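Structure first, then comments.
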Amino acid sequence: MFCELLRLAPRARFGPARQAHAETIICRDIDGGFMEKRLKNARDYFDNITAAAYQQFMDGEVTFLVAYSMAAGLYHLTEWVWYHDKAKVQAKFGGHLSSSGDLWQQVENAITDAGLIRE
């Protein structure tokens with residue numbers, strides 16, 4: 001199953017749903033059907049967006065949409081991790097981190113060329 005942020009729930013762009021950092025996504029299955037899923041935490045985001053896009057990138061024909069989905073999935077991953085696992089992140093990397101941007105800087109420091117994802 002390949003999931004993309006094809007459509008957000010009506011309130012996900014603004015207001016309480018966005019603040020709760022839960023998004024409704026539309027997933028396409030192999031047969032071309034669609035289903036709606038709700039992402040509630042960083043693991044949901046990783047499994048349904050980032051990992052699925054990576055698998056599609058590695059296994060299938062690489063198109064602009066596939067490459068863009070993979071890059072977007074990686075781009076937003078630190079935001080989901082920061083929002084849902086802030087205490088764990090600060091315990092691992094130190095209390096000096098104060099935003100998902102600070103977490104991303106840790107990723108860029110640890111992984112060569114990670115900055116390409118943000119460009």
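The values are calculated or read from the model by the stated rules, or taken from the named source; none is laboratory data. Fair warning: this is a prediction, and the values are worked out from it, not measured in the lab. Methodologically, a virtual Cβ is constructed for each residue, glycine included, from the backbone with ideal geometry; neighbour enumeration extends over all protein chains shown.
Okay, here's what the table says:
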item	result
In region 70-104, residue farthest from Ala42 (Cα to Cα) [restricted to those that are touching a helix residue (DSSP H, G or I) at 6+ places or on another chain (Cβ under 6 Å) and among the polar types (S, T, N, Q)]	Ser100
Residue check for Val66: hydrophobic (A, V, I, L, M, F, W, C), over 12 Å from the mean Cα position of the chain (by Cα) and modelled with pLDDT of 85 or more	no
Checking Phe34 against (1) more than 12 Å from the chain's Cα centre (by Cα); (2) of a type in the set (A, V, I, L, M, F, W, C); (3) surrounded by 13 or more Cβ atoms within 10 Å (Cβ to Cβ), the condition it does not meet	(3)
Flag for Leu77 being surrounded by 13 or more Cβ atoms within 10 Å (Cβ to Cβ), without any contact (Cβ under 8 Å) to a residue 40 or more places away in the chain, outside any helix (DSSP H, G or I) and not acidic (Asp, Glu)	no
Tally of residues being free of Cβ contacts under 8 Å to residues at least 12 places away in the same chain, in a helix (DSSP H, G or I) and either in contact with an Asp or Glu (Cβ under 6 Å, 6 or more places away or on another chain) or hydroxyl-bearing (Ser, Thr, Tyr) (or both) across region 92-119	2
